[in-house]
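The values are calculated or read from the model by the stated rules, or taken from the named source; none is laboratory data. No experiment lies behind these values; they were computed from the predicted model shown. Cβ placement follows ideal geometry from the backbone for every residue including glycine, while neighbour counts extend to all protein chains displayed. Just so you know, the surface numbers come from the protein's heavy atoms only, side chains and all, with ligands and any DNA or RNA stripped out. Shrake-Rupley method; radii C 1.70, N 1.55, O 1.52, S 1.80 Å.
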Amino acid sequence: MDAYTTAITFDADGRVLFIGGATTELVGTNTGAAAGRFLADVLCPPIPATLQALLSVRAEASPLQATHQTLELCGINGTAQTFSARFQPIHDPWGTYIGGTLLLSASVDDPVQAPIQRWLDVLPVEAFYLDRDQRIRFVNRAFREHHGIHTSEPLGAPLRAVLGDTAYRQVQPYIERAMAGNAAGFETELAGTGEAARYVLVTYNPDIDSNGVVRGLFGAVYDITGRRRAEQRLQEALRHLQALYDASPDMIFLHRPDGRLLDVNSNAQRRYGYSREEMLDTGLHELMGAGCTLAEAVKRIGRVVAGEDLDFEWVAKQRDGQEFPVEIRLRRLADTHGAEPGEPQVLAVVRDITAQKQAQAELRAHEHKFRALVEQSLVGIYIIQENCLVYVNPGMAKIFGYRPEEMVAIKRLEDLVIPEDQEFARRNLARRFRGEILALPYPLRCLRADGRAIDVEVHGVRTDYDGRPAVIGALVDMTERVRAEQALHRLTDRLRILTDLDRGILGLRSRENMAGSSLRHVRRLIPGTCASITEIDHASSRCQVIASDAEYPMSVSAGTHFPLHHYGEIARATPDQIFRFGPDQGDKQTPPAFFERFQERGLLFHLVVPLFAHGALIGTLNLSAQNSKAFSDDHLELAREVSARLAIALHQARLTQEIRHHAAELEDRVATRTAQLEETNSELQSFAYSISHDLRAPLRAMHGFANAIMEDYAEQLDDTAREYARRIVAAASRMDGLIQDLLTYTRVGRGEIRHEPVDLERMIKEIQEELAREIEGLGARVEVEHPLLSVHGHRYTVRQALLNLLTNALKFVPPGVPPRIRLYTERRSEAVRLWVEDNGIGIHPRHYEQIFGLCERLHGSEAYPGSGIGLAIVRKGMQRLGGSAGLEPSAGGGSRFWLELPPAETPR
């Protein structure tokens, strides 16, 4: 066997970390099976007392030194063998014992031998051995691989030569310490080659023989990069935790068991007005408000140290003496931060509840107001749980006619609801408890304590009350409202029917149709009756049924005649009198003879409403029924309203008939008179045309002779004679113009009209060319906004109207002002309007209609010559074409004339 056969590595607690191959043969196990087990459990018993003593002593001694002694162990074959056992302790850089290696061999020789070499080669630690001269006597594979050297290269070489001067100077103090018999070590960062830096732990443990002489040292380099990375992550996490600690909206305190402060966060410092150092030095009693004692605080901290969690409210005090309420949560911590080892601490999380207290005070005030509101409310307020009322306000009790305690004592809600609505109420309540519907109100009919039915509207939502599901809501007494709505509904129906009746009366011309339509509306208002309308002719003492309406055929129908005396006392009725006949009417049990024919249908009850117009009885409204209850007071009132309308309608029908008769006579007269007027008008127009035409011949002679006198005998005449001759010529010219305009006016009124599309663009262009000399001479400007819409009319008439308007626009301007004329068209609903705007002298609105009259002038002929017929021709022509002409104000001065005619596409 070699000098050292095997080795076992273990931690400070004696737990196996590694077992060499030879040891496997000795103890019958390997590293995988033995790792983590105690060394005493791995070695085959009995464990020698010397080894037990060695392990126990080495685990407690500090610092430990290598020990060499002889042990006797029992192998797996049961044979005891004597081994040389060498215990090599392992220390961290601070000298703390962290484990050791037990080297076993059959002989006690130099430990640097091949079996140990094989064992150390498999370790992930760089291991080496230095002798007293600091020469390398042994390195493992990890050392060689890290330094890039071959197996035999460093053996015997000084460590300084292997490491280099710089690295050696760094480790020299630690090596010298180990050579002096003390374990040494340090941590450092090594730059990586093409990779991130790594961190290592370097340890030097002295090799001391049995005489206490240091023979050399064991060196080891551990890669602690993973640990350092973990420590860095831990430090980062601690920084984050500290940031959260300081940023917490709560105030956080850390206490000793005696109440003294160990730490406070930033929020606590801000709220109390102290720095951290001041708070740690300040007594706990300085942070307490009135009513809070240090003894009570320490007592509660002691309870938490004993394992109890506490939550309570407290009063805190700021540095300036101001107090504020807080909520405190105390919890025990096992941490030893800032305290003696093993001493527990108490974490206090303190929350300022000033706003909460204010909110609670406001809530109590609101609750007081709400309770007062609920108790005084006229609306019923209720809470239901498990189908029972658990609360009702006085308003609710009053609606049902109970006292509040009596209602809460009612176990079944159904007892408050009419039988017809009980199932409906149960379904709605169940749906609210299930959360299917929220706050939709619904109507319900309920029973009061006195048995009367009432109409209510129920509002309710699901909630929690005393930790259990409930429905809370309001109940409104709708009885009066429902009755009012029903009355309003009846009134609305009544008004609608009466409106339909009025509309029917107004829309129907014949009295028979009017009466029949009216009876259909009457039977809608008063169902279950037979209705008829009778007209009375006092001149012949006869009556006629003009309309009848019933559910079945009657012997009395429209067109039935009977003598007036069959009406009995009805024939002598006075206004506002109503007749009721029937078996229950006392002295009016027997109706007049007219109603005997209704007996066959069992119609024994009759209501007769006389119809009066201008104080005269003109007819009756008759209603018959089989039941006396068919005619209520409301029905009587309805019958009065209907009869008033029927009387007016019947009277109007008579008047209408008379008017139609008179209208027919008037139409005949008008037709005769119209024919006579048309004949006379035609004769007058012919006469005017003939006179105008015949007057032009002598007028031309007067004009010609007057001109001849002025041209041929001017020198023989004095100034007065020449002035008279000039006036004769001017008067003749004016007379000729007047006659010409009269002829035009007559022609417009008499000529044959042939409608056709008229192109206004082309017509305006022609008129401009015709008036070109006048336009140029006056310096006028005519603006036409293209395109101009075409119209439908008579070309000559339209042209004459436009020519007159343009001539007036050129003529009626202030002296020295050049005329400005603007023409454009616009589309009106079913017409085209042509505008002619100018900058002339304008026309006052009161003369707008006057100027369109025949021979109407607003200015003397000396200032603005003319006949005064031009605009009359314009309007006359437009009227003949089915159009119109007019004038509107102009904001900028001048006039705005317009012509309106059908568009060109209008069919004729």
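Here are a few things to note about the model shown:
- Glu849, Glu776, reordered so the largest accessible area comes first (probe 1.4 Å): Glu776, Glu849
- Rounded accessible area of Thr807 (nearest 10 Å², 1.4 Å probe): 50 Å²
- Exposure rank, largest accessible area first [Ser829, Ser540, Ser624; 1.4 Å]: Ser829, Ser540, Ser624
- Cross-link check: pairs Lys369/Lys398; Lys357/Lys411; Lys299/Lys357 evaluated at a Cα-Cα cut-off of 30 Å; pairs beyond the cut-off: Lys357/Lys411.
- Net +/- balance of residues flanking Leu810 in space, Cβ distance below 9 Å, scoring K and R +1, D and E -1: -1
- Taking all protein chains as they are arranged and a probe of 1.4 Å, the heavy atoms of Thr574 leave approximately 70 Å² accessible to solvent.
- Heavy-atom accessible area, probed at 1.4 angstrom with all protein chains present, ranks Asp759, Asp549 as Asp759, Asp549, highest first.
- Net charge of Cβ neighbours under 12 Å - reference Ala801; Lys, Arg +1; Asp, Glu -1: +4
- Atom-type composition of the exposed protein surface of segment 130-186 places 42 percent of the accessible area on carbon and sulfur (1.4 angstrom probe).
- Carbon and sulfur %, accessible surface of segment 377-484 computed with the full protein complex present, 1.4 Å: 56 percent
- Per-residue SASA entry for Ile753, accessible area with 1.4 Å probe, Å² rounded to 10: 40 Å²
- The fraction of accessible area contributed by carbon and sulfur in segment 508-664 is 49 percent, rounded to a whole number (1.4 Å probe; ligands and nucleic acids excluded).
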